[in-house]
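Below you'll find the structure, written out as structure tokens, and then a few comments.
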Amino acid sequence: MKKLIVSLLTISLSLVLGLGFGGFLHNQTVKKEDSHASSIKNNSLEEELSFSTTIVRGTVIAELPTYIQDAGLDPRTNFTFPVTPSKIKVTKVFEGDVNVDDTIVFLQHGDRKEEKNKFVKPNDDVLLILNKTVNGEYWSYSFDDGLWNIKQGKVTSKTSNDLYRAFQNGDVANFETRLSNAVKHKVKPKL
């Protein structure tokens, strides 16, 4: 009888641990482009924009020096990363605690010297979907999804988000109208 109880407990424990580990592995399996923390799949632009606090259009007026940022993790990890700031003169506000003609600092991951084509440059016309930092500077709310370049009335981005693909190489006025409407009707996604 004792052997039977030990066997049943062993089988039960194996099932619980096995199923739990299998569920963990399933939850860790994501596409490469979806591997950042903000990769929640939303059903609409109204849901997607609920993760941003500020949306502006502006002109890049200055490149600032790249600096090394401590990630703020356990000091034993010594994890740092380069940050490249640029100054943006705001020309239009869709959302946020910013005014037209304000100058904001837009932060991008990486070093301008190593990846020249990745960063905004002076005189670029940009549309930015952002989140404000505690220092009053701004990051894109979701990497490439929050940075849109405007040239000759068309918007382009390196986004991989399906909700934005319809706007790729599209008319800037249409994109701005859609963003304005989505901001007015933001909803929290159902998780």
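On the basis of being more than 19 Å from the chain's Cα centre (by Cα) and surrounded by fewer than 18 Cβ atoms within 10 Å (Cβ to Cβ), does residue 109 make the cut?
Criteria not met by residue 109.
Please state which one of 121, 158, 186, 190 is within 23 Å of residue 65 (Cα to Cα) and assigned to a loop (DSSP other than H, G, I, E, B).
Going through 121, 158, 186, 190 in turn, the sole match is 121.
List, please: which pairs have Cβ atoms under 9 Å, are six or more places apart or on different chains, and start with a residue in segment 38-66 that is more than 30 Å from residue 116 (Cβ to Cβ) and of a type in the set (Ser, Thr, Tyr) and end with one that is at pLDDT 95 or above and crowded, with 18+ Cβ neighbours inside 10 Å?
That search, which allows pairs on different chains as well, returns 44/182.
Suppose the filter is out of contact with any Phe, Trp or Tyr (no Cβ under 8 Å at 6 or more places or on another chain) and buried (at least 20 other Cβ atoms within 10 Å of the Cβ); does residue 147 pass it?
yes
The values are calculated or read from the model by the stated rules, or taken from the named source; none is laboratory data. Computed from a prediction, not measured in an experiment: that's the story for all the values here. Here the Cβ is made from the backbone with ideal geometry for all residues, glycine too, and neighbour counts use every protein chain on show.
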